[in-house]
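Encoded as C-alpha cells, the structure appears first; notes follow it.
The values are calculated or read from the model by the stated rules, or taken from the named source; none is laboratory data. All values reported here derive from a predicted model rather than from experimental measurement. With ideal geometry, Cβ positions are generated from the backbone for all residues, glycine too; neighbour counts draw on all protein chains shown.
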Amino acid sequence: MNNTIMMGRLVRDPQINYVENGKGDEMAIANFRLAVDRKFSDDTDYFPCAAFGRLAEFAEKYLYQGIKVVVNGRMENNNYTSKDGDKVYGVCLKLNEIEFAESKNAGRDDDEDGGGRNRNSGNRRNSSGGRGSSSGSRSGSRNSGSSRSGSGRSSGSSRGGYQNSGSGNSRSSRGRNVDEEFEGMEDGYFD
C-alpha cells in the first residue's frame, strides 16, 4: 500500500500546465512544493507534489503561496539521468485529495478586495504553444461571495477541499481540526 498524507504550506503558487490527453482534450497539471515542518524540530522538509485534471484546476483556482493544506496521495519515484550522465533520484507526491487546513483568513490581514485574491493566469502554456487567459471557467480569480456547484469550494465552512475521485466533482469537507488531532497525539505515536 502506498498512501501518504502530509500537512504543510505551499512554497510558491502552483505551476499550471496543460497537455493533451489521449482523447485530444487538454488536461491540467499542477506542480508545487509543500513545506512540511518536522515534529519536535525546527527542520522543514520540502516535497514536490503533482495534481492532475480537475484536482489541478482546483489547485490553480484556490491554492497560493503560504496556504496551509492537507494533501493525500501516493509517493512515486521520479528518477532520471541528467545531461551530464549522472543518475538523479527523487520522489513526487501524486495527489488524490487536497483539503484546506486553516480558515480562509488565518494569518492574513483584511483583504482590500473583499476576500478575493487575483491570480495571474496569463502565462499558461501547453505542448502546442499556448493557451490564452480568457477561458471563462478558469479565470483564476477567487470570489469569496459565491459558491458554485462542483467547484470544490466549501462555503460557510472554514475548511473544505477537493477530492479527485475519478468521477469529477466530488467534494471533501470533514468537520475536524487536523492541527488539534496531530498535536493531541502522544509523543511516541510515530516512533
Pull up region 1-24, narrow it to residues that are hydrophobic (A, V, I, L, M, F, W, C) and not in a strand (DSSP E or B), then point me to the one that is surrounded by the most Cβ atoms within 10 Å (Cβ to Cβ). V11
Can you find even one residue in region 67-82 that is within 11 Å of the chain's Cα centre (by Cα) and outside any strand (DSSP E or B)? yes
Enumeration of residues in region 15-40 that are touching a residue at least 40 places away in the same chain (Cβ under 8 Å) and either in contact with a Pro (Cβ under 9 Å, 6 or more places away or on another chain) or hydroxyl-bearing (S, T, Y) (or both): Y18, L34
Name the residues in region 43-52 that are closer than 25 Å to E20 by Cα and either surrounded by fewer than 16 Cβ atoms within 10 Å (Cβ to Cβ) or more than 17 Å from the chain's Cα centre (by Cα) (or both), would you? P48
Subset of region 83-103, residues surrounded by 15 or more Cβ atoms within 10 Å (Cβ to Cβ), at pLDDT 95 or above and not in a strand (DSSP E or B), comes to A101
The residue that is nearest to I29 (Cα to Cα), considering only those in region 41-66 that are among the aliphatic types (A, V, I, L, M) and either without any contact (Cβ under 8 Å) to a residue 60 or more places away in the chain or part of a helix (DSSP H, G or I) (or both), is A56
